[in-house]
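Engineer: Before anything else, here's the structure in question.
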Amino acid sequence: MEHAKLIELITREVIAQLSEHSFPSGMTKAKLVPVAVSMRHVHLAQPEIDILFGIGHRLTKLRELYQPGEFAAEEVVTLVGPKLRSIPNVRVLGPVRKRTQVEVSRTDAIILGIDAPVRPSGQLAGVETITLVGPKGSITLPESCIVANRHIHISPLEAQQWGLTDNDLVTVKVLSDKTTIFGDVQVRVGDTFKLIMHIDTDDANAADVRCGTMVEIADKEGQGCL
Ligand SMILES: [Zn+2]
């Protein structure tokens, strides 16, 4: 069975079992979301691919990601900060985007010597400059490097069932051996989205998030009891 399909099946089963276990019938079901950890990565636009890997280069699919159409590419780049401190082997994710975006953790930003702000994907006004180095060339890109915010991908139907709308901010409780409350979690509703929460490696390590860890949506921010 395809890897992504297997993960989805396991996820659905875990959600079903956890929901039944913690909430007997008749009570409100818990709003449980599986967590995936986003390592530092790069989304590239074609002009940057041309510079880094050669004119007209096409990304090569290494493996499919959980969200339909998304994939990890074989291509990697080196990130270089203004003090020439670098991080090698940073994975390129496909498909090709309209605009290049580099996503790092706070720890990565400290290593690189940059002050990347926490931002939702795509909101790049005024964010950090970073240099990308590939096998065929390098480019220094202003307004390209962020620490991606915590967010949950959810389908329109599931969002409606849970009373959530696009860009809501929610608080979640991480159900791990280091129970942790995360705030400022952006809800991202999309027709093709499969339910998952994305956090970076700093958040994951702090909360002891492992493969299969779930979070429970506690409340919409500004309305709640937390
Ligand atoms: Zn995401």
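Coordinate-derived values only; no laboratory data. All values derive from a computational prediction rather than experimental measurement. Note: ideal-geometry Cβ built from the backbone for every residue, glycine included; neighbour counts use all protein chains shown.
Engineer: Separation between the R106 and L157 pseudo-spin-labels, each 7 Å from Cα along Cα→Cβ, expressed in nm?
Structural biologist: About 3.8 nm separates the two model spin labels.
Engineer: Looking at the square roots a ≥ b ≥ c of the eigenvalues of the Cα gyration tensor of the stretch 156-226, which shape do they give, rounded for a/c under 1.5, prolate if a/b is larger than b/c, or oblate?
Structural biologist: Note, shape of the stretch 156-226 comes out oblate.
Engineer: For helix 3-22, what angle does its Cα long axis make with the longest principal axis of the chain, in degrees from 0 to 90 and rounded to 10?
Structural biologist: Between helix and principal axis, roughly 30 degrees.
Engineer: Sticking with this structure for a sec: So if we plug the beta-carbon distance of T180 and I55 into 1/(1 + (r/R0)^6) with R0 = 35 Å, what FRET efficiency do we get, rounded to 0.05?
Structural biologist: 0.15
Engineer: A further question follows. Roughly how many nanometres apart are two label points built 7 Å out from the Cα toward the Cβ at H3 and D219?
Structural biologist: For H3 paired with D219, the spin-label model returns 4.0 nm.
Engineer: I've got another one for you. Over the stretch 39-148, calculate the relative contact order: mean separation of alpha carbon pairs under 8 Å at least 6 apart, over the residue count, as a percent.
Structural biologist: This gives 31 percent for the stretch 39-148.
Engineer: Same structure, new question: Percent relative contact order of the chain, based on C-alpha pairs within less than 8 angstrom and at least six residues apart?
Structural biologist: Relative contact order of the chain: 22 percent.
Engineer: How many nm is it between the label spots at R210 and E143, if each spot is 7 Å from the Cα in line with the beta carbon?
Structural biologist: It works out to 4.4 nm between the two label points.
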